[in-house]
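Scroll down for the structure; my scribbles are underneath it.
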Amino acid sequence: MKKHYSWLWFDADGTLFDYDRAEATALRHAFSSLRLPFEDSYLELYRRINQDLWQALERQEITQAVLRPRRFELLLESIQLSASIDRMSSIYLERLTTCADLIEGAYEVVQTLHRTSRIAIVTNGLHSVQRGRLRRSTLYPFIDEVIISEEIGVAKPHPAFFDAASARTGQPPKSEVLLIGDSLSSDIRGGADYGIDTCWYNPAAEPRPDGLPITYEIRRLRELLDVLEK
């Protein structure tokens, strides 16, 4: 049976926004701007470094202020190149802010669901990037609230993040909230532990983990229109 939710909390990167494409564009731009040689292998290396640091952030082991330059410091050390870490980080973030490409189906889904539900973005991303990208995005008219970890001082999956999201969205009953995201750790585990329904966006058809309650699982964003009452 289809269910209606008064609030839909969407993760941003990898769920609504095509972060892989934006990340690749921004990294190549940073290397080019600093006149550094670039190889395709650098992108995969950067992604591994960046993912490890974001996971450390989720575990509250580092802050976003540490994460921003550290990923480029580790990258340049690994490929034995030298450049201004602060300059590289600044160029990368400036370019990332302009990349508002969407995941296939994101516009149609958000536009349709906004007719009967309120839409929030809940993200661990950097506030300058997320707000800049959102303003450039075709999704902007449909977003009712934006909760960004850097602005509230705590990241998903910490319960305090979800407390802040609840307060910012008018403290709706938990039964009236659905969280849609691609990360099993920050989105699905965080939402499930907080007591709200979750929808795992799993385009790569990764194996479903044992012991983690997942209310819905979709391969394409348009599948949301089939499982939710509009």
- Filtering region 56-83 down to residues that are among the acidic types (Asp, Glu) and over 20 Å from the mean Cα position of the chain (by Cα), which residue is surrounded by the most Cβ atoms within 10 Å (Cβ to Cβ)? Glu73
- List every residue pair whose Cβ atoms sit under 7 Å apart, with the two residues 6 or more apart in sequence or on different chains, where the first one lies in region 70-92 and is free of Cβ contacts under 8 Å to residues at least 60 places away in the same chain and the second, anywhere, is of a type in the set (Lys, Arg). Ser89/Arg68
- Please state which of the following conditions Leu45 fails to meet, knowing it meets all the rest: (1) touching a Lys or Arg at 6+ places or on another chain (Cβ under 8 Å); (2) in contact (Cβ under 8 Å) with a residue 12 or more places away in the chain; (3) of a type in the set (A, V, I, L, M). (1)
- Message: Filter region 8-26 down to the residues that are in a loop (DSSP other than H, G, I, E, B) and over 20 Å from Ala155 (Cα atoms) and list them by number.
- Response: Asp18
- Message: Which of the numbered conditions does Pro213 fail, given that it passes all the others? Conditions: (1) in a loop (DSSP other than H, G, I, E, B); (2) more than 16 Å from the chain's Cα centre (by Cα); (3) closer than 26 Å to Leu93 by Cα.
- Response: (3)
- Looking at Asp182, Asp210, Asp193, which is the one that is surrounded by fewer than 23 Cβ atoms within 10 Å (Cβ to Cβ), within 27 Å of Asp52 (Cα to Cα), acidic (Asp, Glu) and in contact with a Pro (Cβ under 7 Å, 6 or more places away or on another chain)? Asp193
- Task: Starting from residues that are part of a loop (DSSP other than H, G, I, E, B) and either in contact with a Phe, Trp or Tyr (Cβ under 9 Å, 6 or more places away or on another chain) or among the aromatic types (Phe, Trp, Tyr) (or both), keep the ones in region 37-80 and report whichever is farthest from Gly125 (Cα to Cα).
- Result: Pro37
- Message: Of the conditions (1) without any contact (Cβ under 8 Å) to a residue 24 or more places away in the chain; (2) outside any loop (DSSP other than H, G, I, E, B), Phe161 satisfies every one except a single condition; which number is it?
- Response: (1)
- Restricting the search to region 97-109, which residues are modelled with pLDDT of 95 or more and part of a helix (DSSP H, G or I)? Ala106, Tyr107, Glu108, Val109
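A quick yes/no check of all residues on (1) charged (D, E, K, R); (2) not assigned by TED's automatic domain parsing to the domain that holds Phe162:
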{"position": "Lys2", "(1), (2)": "yes, yes"}
{"position": "Glu44", "(1), (2)": "yes, yes"}
{"position": "Arg71", "(1), (2)": "yes, yes"}
{"position": "Ile79", "(1), (2)": "no, yes"}
{"position": "Asp86", "(1), (2)": "yes, yes"}
{"position": "Leu93", "(1), (2)": "no, yes"}
{"position": "Gly105", "(1), (2)": "no, no"}
- Note on the structure: Restricted to region 164-194 and to residues being among the small types (Gly, Ala, Ser) and in a loop (DSSP other than H, G, I, E, B), the residue nearest to Leu16 (Cα to Cα) is Ser183
- Query: Does any residue of region 206-213 turn out to be in contact with a helix residue (DSSP H, G or I) (Cβ under 8 Å, 6 or more places away or on another chain), in contact (Cβ under 8 Å) with a residue 60 or more places away in the chain, within 30 Å of Thr63 (Cα to Cα) and not hydrophobic (A, V, I, L, M, F, W, C)?
  - Reply: no
- Query: Failed condition for Leu134, given (1) farther than 30 Å from Tyr92 by Cα; (2) under 18 Å from the mean Cα position of the chain (by Cα), with all others met?
  - Reply: (1)
- Query: Given Thr116, Thr112, which one is touching a Lys or Arg at 6+ places or on another chain (Cβ under 6 Å), surrounded by fewer than 19 Cβ atoms within 10 Å (Cβ to Cβ) and modelled with pLDDT of 95 or more?
  - Reply: Thr116
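The values are calculated or read from the model by the stated rules, or taken from the named source; none is laboratory data. Given the structure is predicted, the values throughout are model-derived calculations rather than measurements. In this analysis, Cβ positions are derived from the backbone assuming ideal geometry, glycine residues included, and neighbour counts consider all displayed protein chains.
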